[in-house]
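The values are calculated or read from the model by the stated rules, or taken from the named source; none is laboratory data. Just so it is clear, the structure is predicted and the values come from calculations on it, not from any experiment. Every residue, glycine among them, receives a Cβ derived from its backbone with ideal geometry; neighbour counts consider all protein chains shown. Side chains included, ligands, DNA and RNA excluded: accessible areas come from the protein's heavy atoms. Shrake-Rupley method; radii C 1.70, N 1.55, O 1.52, S 1.80 Å.
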Amino acid sequence: GDRFADGPASWLLGLPSAPSDAQEVMLSNQASDLYARYFIDHVRSEFYGATDAVEHFVKDVASHNDSRQLSSSARWVLMDIGAAFFDGDCLVVDMIQDFGCVTSDNGASVLVMAFEPLADNFQALVSHLAESLDPAALEACVQVRRVAVGNQTGHTRIFGRGRLASAVYHDLRRNDMDDAVPTEVTMVSVDDIFIEEELEHIDILKIDTEGNDWNVIAGARDVIEGGLVGSVIVEYGGFWSRHTWEVSNLASTPRQQDELMWPNLKGVVQWFWERGYEGYFMGTRESIPVYGHFWHDWYEVCRAPHHVMYRGIFGWCWFDVVFIRASSALGRRLRRSALAFLYELM
């Protein structure tokens, strides 16, 4: 098939026939090492979360039609979970500008659903959208909800304030904002939103919830396993678990890969891989495949973010990873791009 399966197929490096088992292992290791070395050499300039890799990806998807195979609907459906507006960055505005908002008798051409649970963050987002978007586009193509998104529908508490507030604050044993009063908020799951809104698909599901990302994924399990999501963008960072928080902020001793508590990047990449999604570290020049035999333990940056190899990130682990439905045209295009880039690295 047209995918990097358990190892590179014979065409991966231009071989005339299928490689032997020994050659397969050698080629897999060579590709993995080349990608990993490029990642390390450009970890700050191209892959760090402060770059605009996510914005590049959204613009790229909007400019192609290869994500439109999830349903018969002509409408794009984009979800921004953790959509707060800070430092001039607003992905909701970027999405509307990139995808456009066209209305007709059949409805709007795009639906951007934004979720932000804290009152101050929510109001800042609403005000910015009102200032930045045409009122007609805002009404027809944007839905903003003051709710948290998690692994089930119900209620939860958000601890902290501003951009670092989190539903998993105490799970990490954080104490940096203990003076903040917890906020009780309504919580919904992506699976329930999908049913409630009578959606047929989700083209982009972006998740940035200061460590609660895995719970959001767990609450989207049905639509992910059903192949109804084109791509899932998650923020991989030091808030993912108590282990990653402690090594980033409390100078604890880094653990070995197999000692990391859940969630960790290697495990989440494997979870998506088993469900037909291929993971990439998002970069401004090229996204690097990290699934299957392309995995390298150097990608588990949050295990030891102060290590000298991750120069330039100053111990703050903050990256974006995207999981693409492997069977989609978008998935095939990214694999071709990754292959072409691998040839450049040789």
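Brief remarks follow.
- Along the chain, longest interval not containing exposed GluC sites (Glu not before Pro), exposed being DSSP loop plus at most 15 other Cβ atoms within 10 Å: 1-196
- Where a label projected 7 Å from the Cα of Asp258 along Cα→Cβ would reach, residues of the stretch 291-314 with amide N under 20 Å: 292-304
- With the convex hull drawn over the C-alpha atoms of the stretch 145-195, the volume per residue is 79 Å³.
- Expressed in units of 2.2 N^0.38 Å, where N is the residue count, the Cα radius of gyration of the stretch 194-346 is 1.07.
- Per-residue [θ]222 nm for the chain (sum of -39500 (n - 2.57) over DSSP H runs n ≥ 4, rounded to 500): -10000 deg cm²/dmol
- Beta-bridge orientation, the chain: approximately 55 percent antiparallel, per DSSP, counting only bridges with both partners inside.
- Selection among Trp76, Leu199, Val168 by position relative to the dipole of the chain gives Val168 as farthest towards the positive end (Cβ unit charges, Cα centre).
- Contact order, relative form, for the chain: 21 percent (alpha carbon pairs under 8 Å, 6 or more residues apart, mean separation divided by residue count).
- Sites Arg173 and Glu131, calculated FRET efficiency, Cβ-Cβ separation with R0 51 Å, nearest 0.05: 0.85
- For the stretch 270-326 versus the stretch 72-92, the spacing of their alpha-carbon centroids is 22 Å.
- Extension gain (nm, one decimal) between Val181 and Lys59, 0.36 nm per residue minus Cα-Cα: 40.1 nm
- Taking the Cα centre of the chain as origin and assigning +1 to Lys and Arg Cβ atoms and -1 to Asp and Glu Cβ atoms, the resulting dipole is close to 620 debye.
- Tensor-based shape of the stretch 168-282 (alpha-carbon gyration tensor, a/c under 1.5 rounded, otherwise prolate or oblate): oblate
- Extended-chain gain in nm, criterion 0.36 nm per residue less alpha-carbon gap, Arg157 and Ala119: 12.4 nm
- Relative contact order, percent, the stretch 206-307 [alpha-carbon distance under 8 Å, six or more residues apart]: 26 percent
- Per residue value of the accessible surface for the chain (all protein chains in place, 1.4 Å probe), Å²: 44 Å²
- For the stretch 173-219 versus the stretch 111-158, the gap between their alpha-carbon centres in whole angstrom: 12 Å
- Cα shape, the stretch 67-215, gyration tensor, a/c 1.5 rule: prolate
- Measuring max minus min along each principal axis, the C-alpha atoms of the chain give extents of 58, 54, 32 Å (largest first).
- Heavy-atom SASA rank of Lys266, Lys59, Lys206 (probe 1.4 Å, accessible area, largest first): Lys59, Lys266, Lys206
- Mean separation of Cα pairs under 8 Å and 6 or more residues apart, divided by the residue count, gives the stretch 38-139 a relative contact order of 26 percent.
- Length gained on full extension, Ser337 to Val102, computed as 0.36 nm times the residue gap minus the Cα-Cα distance: 81.5 nm.
- Surface composition of the chain: carbon plus sulfur atoms hold 48% of the accessible area, using a 1.4 angstrom probe and ignoring ligands, DNA and RNA.
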